[in-house]
Amino acid sequence: MPNLDSNIEYLKGVGPQRAEVLKKELGIFTCRDLLFHFPFRYIDRTQFHSIRDIHNEGEQVQVRGILRRLETVGEGRARRLVGSLRDETGVMELVWFQAIQWLEKSLQVGKEYVVFGRVNEFNGRFNITHPEMEEAASTENGGAPARTYDPVYPSTDKLTQKGLDAKGLRKLLRALIDQIAPTELPENLPDYLLAQYKLVGRWQALSKIHFPENRAELDAATRRLKFEELFFLQLRLLQIRTRRKDTIRGFVYSKIGAYFNRFFQEKLPFELTGAQKRVLKEIRSDLASGKHMNRLVQGDVGSGKTVVALMTMLMAIDNGFQATLMAPTEILAQQHFANISELVGELGIQVGFLSGTVKGKKREAILAQLASGEMHIVVGTHALIEDWVQFQNLGISVIDEQHRFGVEQRARLWAKNPAGPPHVLVMTATPIPRTLAMTLYGDLDVSVIDELPPGRKPITTKHYTEHHRLRVQGFMREEIAKGRQVYVVYPMIEETETMDLQNLMSGFEALSRDFPMPEYQISIVHGKMKAADKDYEMQRFIKRETQIMVATTVIEVGVNVPNASVMIIENAERFGLSQLHQLRGRVGRGAEQSYCLLLTSFKLSTEGRERIRTMCETNDGFVIAEVDLRLRGPGNIEGTQQSGMLHFRLADLARDGQILSAARDIALNVLEKDPALAAPEHARLKQHLASESRDAKVWSRIS
Ligand code: ADP
Ligand code: MG
């Protein structure tokens, strides 16, 4: 008798040939692998549909009725066998194109059948094509509904050739489940959790996920297995976090000092929002704890992350440390530098700028000041982590726009202070849904700035099609006449780059005709330009020498031109939701009412339409991120592509937020009480984690 770890070959009904395809096609090597090959849907055999109620094309239905008529119609390829089935509520057609002769012989008009198949719509009427037919009297239950849901498994052509279609796999699983002793799959959750959260046992769940007898059993099994999947992931992530916190010491910032207080009292030009205050408190408590801070701050565009970053850096300076602020592009870094210099200049804080373009004497001077400790804050690009940048006592690094910095770069940062790793604060303006954050950044601490500063005018977003181009131009003229500036953005993706560039250039030329010099000046920025040219064009726009900026998504990140209040996005249907939202975030930064106009072709896909509608309906980045997750699935959300952590067997981050939240809370709770899982009631957890880590491919990719 095989056990769960036996080679799949030895399961009855498999053998060497089928084992080979199972391995190749589905990665099923052992009986255990097969047990975890879950159905992707079920056929409900527990009830009969009434013919009257059948009106969903594509639905699988089971009907019981009397065959009233059976005849061959049509010629050649249209030749088909047509039957009509009647139950108490109505009549429907059954159609076969194949095996006509055989069916004509075996089916009998006047008899009662259990009929099963997929609903088709033809000429406004519903039929079933190629239904499975079984004479009611000869079914297992004598025509009563069967007791089970039939599982349907993912299969492939090659498997089907070996007899392992959905039905064949069903047989194998039936055999496997009948043979395996339940003790082979020990419970891995503590009894108290099962009781508290009303979860069914592990064996029960695994057998019923394959062969549920009703909806309730299926739901209970699914819930339990999703919980298990998410819970152990959280347990592991939180263990990593706890271990890191316990083993890596962080510099202690014991006091809030004069720089911080003077900035707060004398310089801060506005009242902090509640969310900013809360996040600052969270950071403050990290920094005073003696543990190493690794915190992610999520905040929508315009939520005021910069001042949070700055005040965090002031905490470092008050405690005798230096601070860096790194941005992904030169332009952004320069903007931060200008902004921060202005905010803290008079406090006697030395702020420097460093990037690849700072050369010669200037660079030497800055490097010297950093090494001596004279310079308190340095703002810059990736250049800051180069080996030739040495600090006297670096205490914190703030990284703006997280997903462009890799793990390796973070590691180099850590080496910047021989006395210990500087604290790390990562700020991202790409809101991601909570469920994703808990998973992707589950080993980090996450703060959310979920409130915009008061008095912001929401950006008005409108959808226009090609036909409205003249109206859009008229609007541009009006806004420019009021002294505003306008972005016009074109899509640019690698696969269609040449065409996209042409599209952009012809758009630029058209605009140049419609908005002629000298009255109008137009900047253009795209990825194929030299960095210096891009910068020059950008600067012209920032200095208001040009009124229109034609660009690709290179302007997506962080750029701040408060006077630009109109964002026009061409071919908006080609952008993803989060990208549209990021682009829109470039406007709405000044006191003026801002606008975002989404231009699309007349015809849109359903999904495209939903993206555009969402943009027009809301300005809330978190809401948008949720819709994005629902539309595209977790694997396609920006910045998550390489993550192996989003592959779940059953859990779906777009839908299982509640289970995930519960799983995380429970995992937190368990680890708080028992960090080493040493208590007897946690022995199962410990054992399961140990057995899982044997194939820990996924885990090597995180932390
Ligand atoms: P982001 O989170 O996108 O980086 P910024 O830090 O650039 O946002 O802030 C956007 C604008 O809002 C800046 O002009 C900033 O001075 C302003 N701001 C930030 N916090 C507040 C606040 N609490 N009240 C009013 N304005 C604020
Ligand atoms: Mg910012």
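Kindly evaluate Thr357 against the criterion of being of a type in the set (Val, Ile, Thr) and open to solvent by 50 Å² or more (accessible area, probe 1.4 Å).
Working: of a type in the set (Val, Ile, Thr): yes; open to solvent by 50 Å² or more (accessible area, probe 1.4 Å): yes.
Answer is yes for this residue.
Every residue in region 161-175 that is in contact with a Gly (Cβ under 9 Å, 6 or more places away or on another chain) and among the hydrophobic types (A, V, I, L, M, F, W, C), please.
Leu172, Ala175
So which residues in region 7-18 are surrounded by 15 or more Cβ atoms within 10 Å (Cβ to Cβ) and not in a helix (DSSP H, G or I), if there are any at all?
Leu11, Val14
Is it fair to say Gly608 is open to solvent by less than 20 Å² (accessible area, probe 1.4 Å), at pLDDT below 95 and under 23 Å from the mean Cα position of the chain (by Cα)?
Details: open to solvent by less than 20 Å² (accessible area, probe 1.4 Å): yes; at pLDDT below 95: yes; under 23 Å from the mean Cα position of the chain (by Cα): yes.
Considered against the rule, which asks whether it is open to solvent by less than 20 Å² (accessible area, probe 1.4 Å), at pLDDT below 95 and under 23 Å from the mean Cα position of the chain (by Cα), Gly608 comes out as yes.
Just to be sure, is Lys171 assigned to a helix (DSSP H, G or I) and crowded, with 18+ Cβ neighbours inside 10 Å? Show your work before the answer.
On the way: assigned to a helix (DSSP H, G or I): yes; crowded, with 18+ Cβ neighbours inside 10 Å: no.
In short, no.
Pick from region 288-312 the residues that are away from ligand 1 (no atom under 16 Å from the Cβ) and either part of a strand (DSSP E or B) or among the acidic types (Asp, Glu) (or both): which of them is least open to solvent (accessible area, probe 1.4 Å)? Before you say what the answer is, go through the steps one by one.
First, pick out the residues of region 288-312 that are away from ligand 1 (no atom under 16 Å from the Cβ): 288-294.
Next, from what is left, pick out any that are either part of a strand (DSSP E or B) or among the acidic types (Asp, Glu) (or both): 291, 294.
Details: Lys291: 84, Asn294: 10 Å².
Looking at residues that are away from ligand 1 (no atom under 16 Å from the Cβ) and either part of a strand (DSSP E or B) or among the acidic types (Asp, Glu) (or both), I get Asn294.
From Ser254, Ser341, which residue is more than 16 Å from ligand 1 (Cβ to nearest atom), open to solvent by 20 Å² or more (accessible area, probe 1.4 Å) and of a type outside the set (Asp, Glu)?
Values: Ser341 fails: more than 16 Å from ligand 1 (Cβ to nearest atom).
From the options Ser254, Ser341, the qualifying one is Ser254.
Of the conditions (1) open to solvent by less than 10 Å² (accessible area, probe 1.4 Å); (2) touching a Ser or Thr at 6+ places or on another chain (Cβ under 9 Å); (3) modelled with pLDDT of 90 or more, Leu332 satisfies every one except a single condition; which number is it?
Only one criterion is unmet by Leu332, namely (3).
From the list Lys291, Lys255, pick out the single residue that is among the charged types (D, E, K, R), farther than 19 Å from Thr306 by Cβ and touching a Lys or Arg at 6+ places or on another chain (Cβ under 7 Å). Show your work before the answer.
Details: Lys255 fails: touching a Lys or Arg at 6+ places or on another chain (Cβ under 7 Å).
After ruling out the rest, the residue left standing is Lys291.
Criterion first (in contact (Cβ under 8 Å) with a residue 40 or more places away in the chain, under 32 Å from the mean Cα position of the chain (by Cα), surrounded by 15 or more Cβ atoms within 10 Å (Cβ to Cβ) and over 28 Å from Thr30 (Cβ atoms)) does Tyr197 satisfy it? Before the answer, list the steps.
On the way: in contact (Cβ under 8 Å) with a residue 40 or more places away in the chain: yes; under 32 Å from the mean Cα position of the chain (by Cα): yes; surrounded by 15 or more Cβ atoms within 10 Å (Cβ to Cβ): yes; over 28 Å from Thr30 (Cβ atoms): yes.
Answer is yes for this residue.
Residues in region 134-145: is at least one touching a residue at least 60 places away in the same chain (Cβ under 8 Å) and not in a helix (DSSP H, G or I)?
Going residue by residue through region 134-145, those that are touching a residue at least 60 places away in the same chain (Cβ under 8 Å) are 136, 143, 145.
The next check asks that each one be not in a helix (DSSP H, G or I); those that pass are 143, 145.
Taking every residue of region 134-145 in turn, at least one turns out to be touching a residue at least 60 places away in the same chain (Cβ under 8 Å) and not in a helix (DSSP H, G or I).
Residues are listed down the side, and each one gets a yes or a no for (1) at positive phi; (2) in contact with a helix residue (DSSP H, G or I) (Cβ under 8 Å, 6 or more places away or on another chain):
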residue: Gly373; (1), (2): yes, no
residue: Asn393; (1), (2): no, no
residue: Leu425; (1), (2): no, yes
residue: Asp443; (1), (2): no, yes
residue: Tyr464; (1), (2): no, yes
residue: Gln485; (1), (2): no, yes
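Sort out which residues of region 313-328 are within 12 Å of ligand 2 (Cβ to nearest atom), surrounded by 19 or more Cβ atoms within 10 Å (Cβ to Cβ) and in a loop (DSSP other than H, G, I, E, B), and write them in order of number.
Once the filter is applied, which keeps residues that are within 12 Å of ligand 2 (Cβ to nearest atom), surrounded by 19 or more Cβ atoms within 10 Å (Cβ to Cβ) and in a loop (DSSP other than H, G, I, E, B), region 313-328 yields only Ala327.
Of these, Glu25, Glu93, Glu104, which one is on the phi < 0 side of the Ramachandran plot, out of contact with any Leu (no Cβ under 6 Å at 6 or more places or on another chain) and in a helix (DSSP H, G or I)? Give the steps one after another, and end with the answer.
Working: Glu25 fails: out of contact with any Leu (no Cβ under 6 Å at 6 or more places or on another chain); Glu93 fails: in a helix (DSSP H, G or I).
Glu104 is the lone residue from the list that is on the phi < 0 side of the Ramachandran plot, out of contact with any Leu (no Cβ under 6 Å at 6 or more places or on another chain) and in a helix (DSSP H, G or I).
Name the single residue that is farthest from ligand 1 (Cβ to nearest atom) among those in region 386-399 being out of contact with any Ser or Thr (no Cβ under 6 Å at 6 or more places or on another chain) and open to solvent by less than 10 Å² (accessible area, probe 1.4 Å).
The qualifying residue farthest from ligand 1 (Cβ to nearest atom) is Val389.
Which of the numbered conditions does Asn636 fail, given that it passes all the others? Conditions: (1) modelled with pLDDT of 85 or more; (2) within 26 Å of Leu660 (Cα to Cα).
Result: Asn636 fails condition (1) only.
Taking the conditions exactly as written (under 30 Å from Val424 (Cα atoms), open to solvent by 20 Å² or more (accessible area, probe 1.4 Å) and either touching a residue at least 12 places away in the same chain (Cβ under 8 Å) or not assigned by TED's automatic domain parsing to the domain that holds Gln350 (or both)), does Arg223 satisfy them or not?
no
For region 27-47, what are the residues that are crowded, with 17+ Cβ neighbours inside 10 Å and modelled with pLDDT of 90 or more?
Ile28, Thr30, Cys31, Arg32, Leu34, Leu35, His37, Phe38, Pro39 - these are the residues of region 27-47 that are crowded, with 17+ Cβ neighbours inside 10 Å and modelled with pLDDT of 90 or more.
Within region 415-471, how many residues are of a type in the set (A, V, I, L, M), away from ligand 1 (no atom under 16 Å from the Cβ) and in contact with a strand residue (DSSP E or B) (Cβ under 7 Å, 6 or more places away or on another chain)?
Initial filter on region 415-471 (of a type in the set (A, V, I, L, M)): 415, 419, 424-427, 429, 432, 436-438, 440, 444, 446, 448-449, 452, 459, 470.
Narrowing the set further to residues that are away from ligand 1 (no atom under 16 Å from the Cβ) leaves 415, 419, 424, 436-438, 440, 444, 470.
Checking which are in contact with a strand residue (DSSP E or B) (Cβ under 7 Å, 6 or more places away or on another chain) leaves us with 424, 437, 444.
Of the residues in that region, 3 qualify.
The values are calculated or read from the model by the stated rules, or taken from the named source; none is laboratory data. Computed from a predicted model, the values in this text were never measured in an experiment. As a convention, Cβ positions derive from the backbone with ideal geometry for all residues, glycine included, and neighbour counts pool all protein chains shown. Remember, those area values only see protein heavy atoms, side chains included, never the ligands or the DNA or RNA. Shrake-Rupley method; radii C 1.70, N 1.55, O 1.52, S 1.80 Å.
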